[in-house]
Amino acid sequence: MMRWLLWLLAGALLGGIVHLVTVLILPRTATQDAYSRLAAFAPVNAVAAVPAPTPQGAVIPFIDPAFASAVCRYDLAAGPLKLRVPVQTNYTSVSFYTRRGVSYYAINDRAAGRRVIELELMTRAQRNELPDDEEVTAADRLIVEAPTPTGLIMIRALATEPGQMPVVRNALAAARCEVAQ
């Protein structure tokens, strides 16, 4: 009886290890991650509207149909990025993700406190190259440090009623994501 219990315990331990390794490795080996799916229609360092979800499917799983969404696939190899998003009256948010989908920064219209969310995205090395300007304060210039040189910026704006969706989508079309000059 003790022998069977030992075999059962060893099998459960081995199964747990296999499960843990699989869960940790699978996201790194997936070929259809969000970055790859969005590459089909979203150019690098430019804002593109995300198609609205339909009952048959969505480009990004679990996307809320009450939100108009846009995305910027960024690559900081050409230099820092300047992001400018007009704020909607209901709710607007901007979220930053690494190439592998790890969220590292988010801001919404309430936190921005302005009619436009403006910020600069750069790597730590690019930030260290900036000249120290004592006249420019943190309130004047919002700088976000990206942990990786490539990733995604998701822009979402709420349409409280279905009839508002075209207006919200047009406002998101005014968002800009381009290499800073």
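Rule-based calculations on the coordinates, nothing more; no lab input. From a predicted model like this one, the values you see are computed outputs, not experimental measurements. Using ideal geometry, Cβ is built from the backbone for each residue, glycine included, and neighbour counts are taken over all protein chains shown.
Some values worked out for this structure:
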{"item": "For the chain: relative contact order, % (alpha-carbon pairs under 8 angstrom, 6 or more apart)", "result": "29"}
{"item": "Compactness of the stretch 1-74, expressed as Rg and Dmax over alpha-carbon positions, Å", "result": "21.0, 66"}
{"item": "Ranking of 33, 109, 132 by count of other Cβ atoms within 10 Å, fewest first", "result": "132, 33, 109"}
{"item": "Distance (nanometres) between label positions extended 7 Å along Cα→Cβ at residue 106 and residue 150", "result": "2.5"}
{"item": "The chain: angle of helix 2-29 to the longest principal axis, Cα-based, in degrees nearest 10", "result": "20"}
{"item": "Estimated 222 nm signal from helices in the chain, with DSSP H stretches of n ≥ 4 weighted -39500 (n - 2.57), rounded to 500", "result": "-8500 deg cm²/dmol"}
{"item": "Ratio Rg/Rh, restricted to the stretch 66-109 and using Cα atoms, in which Rh is the Kirkwood radius", "result": "0.98"}
{"item": "In Hz, Karplus ³J(HN,Hα) per residue of the stretch 153-163 (6.51, -1.76, 1.60; θ = phi - 60°; x = Gly, Pro)", "result": "10, 9, 10, 10, 9, 7, 10, 5, 9, x, x"}
{"item": "Given (1) 56; (2) 61; (3) 50, the label whose value is percent of Cα pairs over 20 Å apart derived from this model", "result": "(2)"}
{"item": "Most fluctuating residue given options 145, 120, 161, as computed from a GNM of the chain linking Cα atoms under 10 Å", "result": "161"}
